[in-house]
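Okay, structure first, notes after.
Each reported figure results from applying straightforward, stated rules to the coordinates on display, with no laboratory input. Note that the structure is predicted; figures quoted are calculated from it, not measured. Here the Cβ positions follow ideal geometry from the backbone for every residue, glycine too, while neighbour counts run over all protein chains shown.
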There are 2 protein chains.
Amino acid sequence: MATEKITLTPVGFVKTKAVGREVRHRSTVSEIIFRGKLAEALDGIEDFSHLFVVFWMNKISKEERKTMKVHPRGRKDMPLLGVFATRTPFRPNPIGLTLVELLKVERNVLTVRGLDAFDGTPVLDIKPFDYWDTVEAATVPEWWRKLEKERSEKRELSE
Amino acid sequence: MATEKITLTPVGFVKTKAVGREVRHRSTVSEIIFRGKLAEALDGIEDFSHLFVVFWMNKISKEERKTMKVHPRGRKDMPLLGVFATRTPFRPNPIGLTLVELLKVERNVLTVRGLDAFDGTPVLDIKPFDYWDTVEAATVPEWWRKLEKERSEKRELSE
């Protein structure tokens, strides 16, 4: 099987004041600064409320990219799973994919809420969210529902 | 702004008998053949019903990647929009993102339904679909709703 290499140039970068764990808060507001000459490629994006951001997790090392199995969120009480069965950043191509809310468009800068990417992260592409991107009755594993339940309970406690 | 290049190696390839327009049918069944040594990275994927496939649209030329504006689906009666406001394959980094149904997992081969990628397309990553990937009340533009309405009417006629 041919495994020729693919070369990409970022279309822009993430700008955020969030650091460390703050980056994962759903309320975090960030900017995506596109290369200036791409401003016109954003025309019309303002009519969508949500976008998928496709980004490159550039802090992941060459060694980490060789990871085959992980416990979800590092939790040893969770099953040991293949990286493709999780959203871990440790994967052969550390591409991030996050659904964000679009708050503002100004020339080559998008302001978005909910992007879990560090300051300086290269952005590869964005995709406007539409109704082909979702499914009403999706199945997720038991471990996923358990982690999600814990997360929402923790959120209630902190409110 | 630094625009250092990013290099990726495909994790696998699409195998499909669909050609031309068939590729866009939601009922199209394809295989994703992962590199053999990545088989264990798929462990646990079978507990998800749906996945996002992130792929590289390798038929798009260097010139086509410079496209800034398009009419959605080439329709001149639709507004002229920035490529990022559409899902056109003509974009700076021709990355495809499609939600598919997972039908079968056999070692390093996933069988999926609804992947609009040609035979031989390099796959960059897959992401299991979970409830963070969707939003209940998303806004889409008027032109999107119009195209979608036409599509569903056409589908009804052909049934």
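Would you calculate a helix-derived [θ] at 222 nm for the protein assembly as shown, using -39,500 (n - 2.57) for each DSSP H run of n ≥ 4 and dividing by the full residue count, to the nearest 500? Per the formula, -3500 deg cm²/dmol.
Could you work out the pair-distance distribution P(r) of the protein assembly as shown from its alpha-carbon pairs, with 20 angstrom bin width and percents rounded to whole numbers? Reading the bins upward from 0: 31, 62, 7. The GluC sites (Glu not before Pro) of segment A:1-86 that meet both conditions, a loop assignment by DSSP and at most 15 other Cβ atoms within 10 Å of the site Cβ, are A:Glu4, A:Glu63. Dipole check for the protein assembly as shown: with +1 at the C-beta of Lys and Arg, -1 at the C-beta of Asp and Glu, and the Cα centre as origin, the magnitude is about 940 Debye. With label points set 7 Å from Cα along Cα→Cβ, the inter-copy distances at A:Lys59 are 4.0 nm, sorted shortest first.
Can you pick out the pairs among A:Lys104/A:Lys146; A:Lys104/B:Lys62; B:Lys76/B:Lys149; A:Lys66/B:Lys127; A:Lys127/B:Lys69; A:Lys37/A:Lys59 whose Cα atoms lie more than 24 Å from each other? A:Lys104/A:Lys146; A:Lys104/B:Lys62; A:Lys37/A:Lys59, as the Cα separations exceed 24 Å there. Just add up the charged neighbours of B:Val11: K/R +1, D/E -1, any other residue whose Cβ is under 10 Å from the Cβ of B:Val11. In short, +1. Building the convex hull from the alpha-carbon atoms of segment B:23-159 and averaging its projection over directions returns 10.1 nm². Taken over the Cα atoms of segment A:87-150, the convex hull encloses 161 Å³ per residue. The modelled label-to-label distance for the pair B:Arg145/A:Lys66, using points 7 Å beyond Cα in the direction of Cβ, is 5.4 nm. When you restrict to C-alpha pairs under 8 Å that are six or more residues apart and normalise by the size of segment B:31-128, the relative contact order lands at 43 percent.
Comparing Cα centroids, segment A:33-64 and segment B:92-112 end up 22 angstrom apart. Taking a Cβ cut-off of under 10 Å around A:Leu102, the surrounding Lys, Arg, Asp and Glu residues balance to a net charge of -1, with basic ones at +1 and acidic ones at -1. Put in order of Cβ neighbour count within 10 Å, fewest first, the listed residues A:Thr121, A:Thr16, B:Thr9 become B:Thr9, A:Thr16, A:Thr121. What is the helix-to-structure angle for B:142-157, meaning the angle in degrees between its Cα long axis and the longest Cα principal axis of chain B, kept from 0 to 90 and rounded to the nearest 10? Approximately 70 degrees, to the nearest ten.
Taking only alpha carbon atoms, segment B:8-78 gives an Rg to Rh ratio of 1.04, where Rh is the Kirkwood radius. Each label was represented as a point 7 Å from its Cα along the Cα-to-Cβ direction; for A:Lys17 and B:Asp119 these points are 5.6 nm apart. Report, ordered by chain and residue number, the aspartates and glutamates lying within cross-link reach of A:Lys15, taken as a straight Cα distance under 15 Å and ignoring same-chain residues fewer than 8 apart. Reachable aspartates and glutamates: A:Glu31, A:Glu106, A:Asp116, A:Asp119. B:Val140 label point (Cα plus 7 Å toward Cβ) to equivalent points in the other copies: 2.2 nm, shortest first. Position B:Leu157: other-copy label points at 5.9 nm, ordered by increasing distance, label point 7 Å along Cα→C-beta.
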